[in-house]
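Down below is the structure, laid out as structure tokens.
The values are calculated or read from the model by the stated rules, or taken from the named source; none is laboratory data. Just so we're clear, the structure is a prediction, and the values are computed from it rather than from any experiment. Virtual Cβ from ideal backbone geometry, glycine too; neighbours counted across all protein chains shown.
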Amino acid sequence: MKAKILIVEDQFIEAHSLERILIRAGYHVCSIARSVPIALNIIEKERPDLVLLDIYLQGTLTGIDLAKSLNERKIAFVYLSANSNKQVLQDAKATKPYGFLVKPFREKDVLVMLDVAWYLHKQNQDTALKPNSVVVPKSTVNRGYKSLVGNSRAMREVIEQVNIVAESDISVLILGESGTGKELVAKEVHRTSDRKDKPFIVVNCAALPANLIESELFGHEKGAFTGAIEKRIGKFEQANNGTIFLDEIGELPLEIQVKFLRVLQEREFESIGGKLTRTNVRVIAATNRKLEDEIAAGKFRLDLYYRLNVYPITVPPLRDRKSDIPALAKHFTTQFAREAGKEITGISDPALKALVDYSWPGNIRELENIIFRATLVNPGPLIEQIGLPGEKMSLSPSVGFTTMEETERNYILLVLEKCNWKVAGAGGAAEVLNVKVSTLTSRMKKLGIQRPKN
């Protein structure tokens, strides 16, 4: 039997549009309330399972006021309104809703959001009964999230969230500090979805020059502007029927945000100098910024935030999942030893303890790079020294490199190969080595490093 739902919305058209969507889907709509007092009266009489709740209502009380009462009664709720400033948004999020639905409502979005909200509510109820446990669906195990290494509570929650959204088409917003593995999470969402055999297109919004972003995302026609000597297919068209991952979405200029919002709302875009094109693409976005602060500063559109924030996944920093460090270290050691053709059996206990005790400001990306360096210079089957920042390493002559110059050359070569010979930009060798692009190109020239010809 489907959940009993109360709609709290003072706009007649929106309220009855929602009611029709829910009834067609087999839900029981117990009533429609246009104010908080009316809603409370209905709740006492009918005890709904879930409430769809607008923020601004008739009377002096708001949906946020009602949300506090719903939390006390342990009734699930989803906000409907997207018309709010930063403070209202923060107050709404503080009530811990199960999501936000943006007007005008699309039937598919409504039904998926309800499924997600109801599932999360049941999970929270189970966790309340077993406060020290995290309930992970059995299907998670069968999906085999090989790239999401770790069994900490924080990581199991991420895996559970990926499992929830895998089979739907709703937009996903992945939040987290730099280096936490947001792109890996995005890839797993795609890999375990119905779109897994279709394109997965990655766009680093921070790496796109401002004057090329629109063309990169939406494409252009030949002759559309000076220098447009041929037609260009944009990333959204390349991702059709698949998934597009927009990393660092907070870097998009406001004028591009408007066009992107249209893609989310209308499933169509317009290339430069071209015509409207329909698209069937799932959007996954990520950012290490606090978008609420960007909204307050006028740098990010509130309506776009709500469209993206249908289902947020927060990837924890490595310092909050230190129990995963041994497994991650083993994973990277095995990977890099295989790539370097070395037989390394593991990491010594003192070295492993040093890894666990370190604060990891650069998160998993920093751990990956440090294990990479340690694997490269390690002389024996067991890694004894890690080389954490501020830590001196003593290299044995048996490492196999006769000079420091040869060691540096081989190190840079391995990094370049790992980065597919990409020098600059996100994921490039300069970023991995934490040096300026000009410094790296200078060292490559001095060391005689050239990209192999295909």
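Contact map, the stretch 185-210: residues that are over 28 Å from GLY150 (Cα atoms) paired with residues that are of a type in the set (A, V, I, L, M, F, W, C) and not in a loop (DSSP other than H, G, I, E, B), Cβ distance under 7 Å, separation 6+ or inter-chain. Pairs shown: CYS205/LEU246; CYS205/ILE249. Residues in the stretch 223-239 that are touching a residue at least 40 places away in the same chain (Cβ under 8 Å) and either part of a helix (DSSP H, G or I) or more than 28 Å from SER178 (Cα to Cα) (or both): 6 in all.
Yes or no, residue by residue, for (1) part of a strand (DSSP E or B); (2) of a type in the set (Lys, Arg); (3) under 25 Å from SER168 (Cβ atoms):
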position: LEU261; (1), (2), (3): no, no, yes
position: GLU294; (1), (2), (3): no, no, no
position: TYR305; (1), (2), (3): no, no, yes
position: PRO312; (1), (2), (3): yes, no, yes
position: PRO316; (1), (2), (3): no, no, yes
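Answer with yes or no whether ALA286 is out of contact with any Lys or Arg (no Cβ under 6 Å at 6 or more places or on another chain) and buried (at least 20 other Cβ atoms within 10 Å of the Cβ). Taking the combined requirement at face value, the residue does not satisfy it.
When GLY380 is tested against (1) modelled with pLDDT under 85; (2) within 22 Å of THR334 (Cβ to Cβ); (3) outside any loop (DSSP other than H, G, I, E, B), only condition (3) is not met.
Here the stretch 78-95 is the region considered, the condition is being in contact with a Phe, Trp or Tyr (Cβ under 7 Å, 6 or more places away or on another chain) and surrounded by 20 or more Cβ atoms within 10 Å (Cβ to Cβ), and the residue that is modelled with the lowest pLDDT is SER81.
For the stretch 215-241, a tally of residues being under 13 Å from LYS275 (Cβ atoms) and surrounded by 16 or more Cβ atoms within 10 Å (Cβ to Cβ) returns 5. Considering only residues that are over 33 Å from the mean Cα position of the chain (by Cα) and among the small types (Gly, Ala, Ser), which ones fall in the stretch 1-55? Once the filter is applied, which keeps residues that are over 33 Å from the mean Cα position of the chain (by Cα) and among the small types (Gly, Ala, Ser), the stretch 1-55 yields SER31, ALA33, SER35, ALA39. Checking each residue in the stretch 45-61 for being surrounded by fewer than 20 Cβ atoms within 10 Å (Cβ to Cβ) and not basic (Lys, Arg) picks out GLU46, ASP49, TYR56, GLN58, GLY59, THR60, LEU61.
Scanning the stretch 410-432 for residues that are touching a residue at least 40 places away in the same chain (Cβ under 8 Å) and touching a Lys or Arg at 6+ places or on another chain (Cβ under 9 Å) yields one hit, VAL432. Checked against (1) crowded, with 20+ Cβ neighbours inside 10 Å; (2) at pLDDT below 95, ILE7 passes all but a single condition, namely (2). Among the candidates ARG195, ARG267, the residue that is under 22 Å from LYS108 (Cα atoms) and either small (Gly, Ala, Ser) or exposed (fewer than 15 other Cβ atoms within 10 Å of the Cβ) (or both) is uniquely ARG267. Of the residues making up the stretch 279-292, those that are charged (D, E, K, R), in contact (Cβ under 8 Å) with a residue 24 or more places away in the chain and not in a helix (DSSP H, G or I) are ARG282, ARG289.
Listed by first and then second residue, the pairs linking a residue in the stretch 51-78 that is of a type in the set (A, V, I, L, M) to a residue that is assigned to a strand (DSSP E or B) and surrounded by fewer than 18 Cβ atoms within 10 Å (Cβ to Cβ), with Cβ atoms under 8 Å apart and 6 or more places separating them unless they lie on different chains, are LEU57/SER35; LEU61/SER35. Scanning the stretch 163-198 for residues that are at pLDDT 90 or above and either part of a helix (DSSP H, G or I) or in the same structural domain as ARG365 (by TED's automatic domain parsing) (or both) yields a count of 10. Could you tell me whether ARG307 is of a type in the set (D, E, K, R), assigned by TED's automatic domain parsing to the domain that holds PRO361 and modelled with pLDDT under 90? So ARG307 fails the test.
Residues that are in a loop (DSSP other than H, G, I, E, B) and not hydrophobic (A, V, I, L, M, F, W, C) were ranked within the stretch 199-215; the one that is modelled with the highest pLDDT is PRO199. Residues in the stretch 271-297 that are within 16 Å of VAL88 (Cβ to Cβ) and of a type in the set (Gly, Ala, Ser): 1 in all. The set of residues in the stretch 339-374 that are surrounded by fewer than 16 Cβ atoms within 10 Å (Cβ to Cβ), under 22 Å from ASN288 (Cβ atoms) and touching a residue at least 12 places away in the same chain (Cβ under 8 Å) contains only SER359. Could you please let me know if VAL281 is modelled with pLDDT of 90 or more and either outside the structural domain of THR226 (by TED's automatic domain parsing) or within 30 Å of ALA239 (Cβ to Cβ) (or both)? Yes, satisfied. Looking at GLU9, GLU14, GLU19, just one residue is assigned by TED's automatic domain parsing to the domain that holds ARG106 and either free of Cβ contacts under 8 Å to residues at least 24 places away in the same chain or on the phi > 0 side of the Ramachandran plot (or both), and that residue is GLU19.
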